[in-house]
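The values are calculated or read from the model by the stated rules, or taken from the named source; none is laboratory data. Since this is a predicted model, take the numbers as computed values, not measurements. When we count neighbours, we look across all protein chains shown, and the Cβ atoms used for this are built from the backbone with ideal geometry, even at glycine. Quick note on the areas: whole protein, heavy atoms, side chains included, nothing else; ligands and nucleic acids left out. Shrake-Rupley method; radii C 1.70, N 1.55, O 1.52, S 1.80 Å.
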Amino acid sequence: MAAAVALAPVLPWYFGGDEPAAGTPTVRLFVANVYYGNPRKRLLLERVAEASPDVVALVEVNSAWLHRLRTLRARYPYRFELPDEAYVGLAIYSRFPIEEARVLDLRGGPATPTVAARIAAPGGAFELVLAHPPSPESAERIARRNAEIRALARYAARVREPLVVAGDFNLAMWNTGYEPLAEVGGLHNARQGHGAGPTWPAPWPVGVPIDQILGSPQVRFGNFRVLGPIGSDHLPLFTELSTR
């Protein structure tokens with residue numbers, strides 16, 4: 001009975017899903033919390049080279065990371081970088097034009113930065129939102145995290161073009177704080193049909209899926225997987241997406 005209770009929120013993620021239609025142009029997306037104090041930055045560059053994504057979205061990027069990411073700048077001509085010396089820096093690198101990039105003010109007050117970039121992909125433009133709500137280290141931070149996720153869900157509900165939302169959300173899909181993303185924002189998770197996909201803590205053999213890639217109803221995800229270590233306490237995510 002205990003095993004059944006433990007598996008109940010996990011098993012549904014191994015079924016369903018909505019793969020891109022055959023022959024549809026897709027965008028290869030790589031998402032990672034790189035950890036701002038990561039001493040093994042070369043591992044990230046190796047994983048990116050192996051996955052060969054079209055778009056790279058990174059969380060916890062600081063000035064030291066920007067120095068090391070110069071090779072990505074050469075490979076990805078379009079970028080938006082918002083570094084921070086703690087844990088809230090963000091960066092997006094793209095092979096496709098970034099037509100617009102901005103910082104979102106989702107709550108009208110103090111919040112961790114969230115960025116949005118409109119990417120002109122061959123199969124159709126879409127908006128990529130990269131977020132990093134607070135970690136659940138205290139009741140106050142949990143409340144902040146949940147408030148930011150609710151604000152993000154309300155924003156997603158207003159967007160009319162294809163939308164992809166990604167980042168380190170600091171909660172798993174079965175946490176009640178996740179529910180607004182699906183119920184209010186109308187977003188579905190790239191994991192659906194591919195399993196739980198734990199991403200944190202990376203050195204441990206057992207973890208939880210707190211890094212997320214989600215899409216609006218116009219977006220289909222395929223080939224979702226968790227990639228190998230990058231020296232961070234998080235593992236990176238990869239998926240291929242198309243817009244209907």
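Being open to solvent by less than 10 Å² (accessible area, probe 1.4 Å) and at pLDDT 95 or above is true for just one of Arg225, Arg191. Which residue is that?
Values: Arg225 fails: open to solvent by less than 10 Å² (accessible area, probe 1.4 Å).
Going through Arg225, Arg191 in turn, just one is open to solvent by less than 10 Å² (accessible area, probe 1.4 Å) and at pLDDT 95 or above: Arg191.
For every residue, the table says whether it meets (1) modelled with pLDDT under 95; (2) crowded, with 23+ Cβ neighbours inside 10 Å; (3) out of contact with any Leu (no Cβ under 6 Å at 6 or more places or on another chain).
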| residue | (1), (2), (3) |
| --- | --- |
| Ala172 | no, no, yes |
| Gly207 | yes, no, yes |
| Arg220 | no, no, yes |
| Ser232 | no, yes, yes |
| Glu240 | no, no, yes |
Of the residues in the stretch 12-61, how many are closer than 25 Å to Ala121 by Cα, over 18 Å from the mean Cα position of the chain (by Cα), of a type outside the set (D, E, K, R) and part of a helix (DSSP H, G or I)?
-> 1
Taking the stretch 205-231, which residues are over 14 Å from the mean Cα position of the chain (by Cα), closer than 16 Å to Gly16 by Cβ and part of a strand (DSSP E or B)?
-> Val219, Arg220, Gly222, Asn223
Is it true that some residue in the stretch 138-150 is open to solvent by 10 Å² or more (accessible area, probe 1.4 Å), assigned to a loop (DSSP other than H, G, I, E, B) and small (Gly, Ala, Ser)?
-> yes
Apart from one, (1) at pLDDT below 95; (2) over 21 Å from Gly37 (Cα atoms) all hold for Ala202; the odd one out is (2)
Touching an Asp or Glu at 6+ places or on another chain (Cβ under 6 Å), open to solvent by less than 10 Å² (accessible area, probe 1.4 Å), free of Cβ contacts under 8 Å to residues at least 60 places away in the same chain and over 24 Å from Leu45 (Cα atoms): does that describe Leu163?
-> yes
Exactly one condition in (1) surrounded by 21 or more Cβ atoms within 10 Å (Cβ to Cβ); (2) assigned to a helix (DSSP H, G or I); (3) small (Gly, Ala, Ser) is not met by Ala64; state its number.
-> (1)
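Have a look at Pro12, Pro83 and point out the one that is in contact with a helix residue (DSSP H, G or I) (Cβ under 6 Å, 6 or more places away or on another chain), free of Cβ contacts under 8 Å to residues at least 24 places away in the same chain and not small (Gly, Ala, Ser). First the steps, then the outcome.
Working: Pro12 fails: in contact with a helix residue (DSSP H, G or I) (Cβ under 6 Å, 6 or more places away or on another chain).
Of Pro12, Pro83, the one residue that is in contact with a helix residue (DSSP H, G or I) (Cβ under 6 Å, 6 or more places away or on another chain), free of Cβ contacts under 8 Å to residues at least 24 places away in the same chain and not small (Gly, Ala, Ser) is Pro83.
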With criteria (1) assigned to a loop (DSSP other than H, G, I, E, B); (2) without any contact (Cβ under 8 Å) to a residue 40 or more places away in the chain; (3) open to solvent by less than 10 Å² (accessible area, probe 1.4 Å); (4) touching a Leu at 6+ places or on another chain (Cβ under 6 Å), Ala202 comes up short on (3)
Give the residues of the stretch 86-100 that are under 19 Å from Asp168 (Cβ atoms) and either aliphatic (A, V, I, L, M) or modelled with pLDDT of 90 or more (or both), sorted by residue number.
-> Ala86, Val88, Gly89, Leu90, Ala91, Ile92, Tyr93
